[in-house]
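So the structure is just underneath, and the comments pick up after that.
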């Protein structure tokens, strides 16, 4: 396996959960069992992460593999010189081991949530939020600069907010109409 193929697999592992999020958000109200698609996506991400870790650790154990591109080029500025903002991914031994851990735990949470969330009216939306959370965590693992770390960290915060605030109804007492389960 070549370094460029490993980068392609890493990009697929990174963006598959985002694809699952987008598809589940847009088709969740139309297709009742779209959460299966999200779970298949998570299985493919886990398989890709395991393959990536195996080949990185067996063939490129001492090598750090990275790929980047210029996102914003501000050119030559008077005081700062040449300013370029790059985005990219970096694969080292810790990153490939951590991506296996992230994808394994996320896959297990997806599998557990199938039965745990059954009967919830926004069942598919929950799985979409899990996919966004997984994408965010994978982005933190693969990042190679502080800007991308900040972007993905904020996405983790957003997806955590969405998951924590998933149940937003309040229990109301039917006798006194107060927001309490006790009367």
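Just so you know, all these numbers are worked out from the coordinates, no wet-lab data involved. Just so it is clear, the structure is predicted and the values come from calculations on it, not from any experiment. Please note: Cβ atoms are built from the backbone with ideal geometry, for glycine as well, and neighbour counts cover all protein chains shown.
Observations
- Peptide packing: for 33-44, 144-155, the average count of neighbouring Cβ atoms within 10 Å per residue gives the ranking 33-44, 144-155, highest mean first.
- Remark: spin-label model distance residue 40-residue 111 equals 1.8 nm, labels positioned 7 Å along the Cα→Cβ axis.
- Relative to the longest principal axis of the Cα atoms of the chain, helix 3-27 runs at roughly 20 degrees.
- Angle of helix 35-59 to the longest C-alpha principal axis of the chain, folded into 0 to 90 degrees and rounded to 10: 30°.
- C-alpha long axis of helix 146-164 to longest principal axis of the chain, angle in °: 10 degrees
- Distance between modelled label sites at residue 74 and residue 164, nm, 7 Å Cα→Cβ extension: 3.3 nm
- Within region 71-115: backbone nitrogen closer than 16 Å to the residue 15 label point (7 Å, Cα to C-beta): 71, 87-90
- Gain in span if fully extended, residue 93 to residue 120, counting 0.36 nm per residue against the direct Cα distance: 5.7 nm
- Using the Cβ-Cβ distance between residue 22 and residue 83 with R0 set to 25 Å, the FRET efficiency works out to roughly 0.20.
- Values (1) 0.96; (2) 1.06; (3) 1.11 are given for comparison; Rg/Rh (Cα atoms, Kirkwood Rh), derived from the coordinates here, is the one labelled (3).
- Remark: the residue 3-residue 33 segment gains 7.1 nm on full extension, using 0.36 nm per residue and subtracting the alpha carbon distance.
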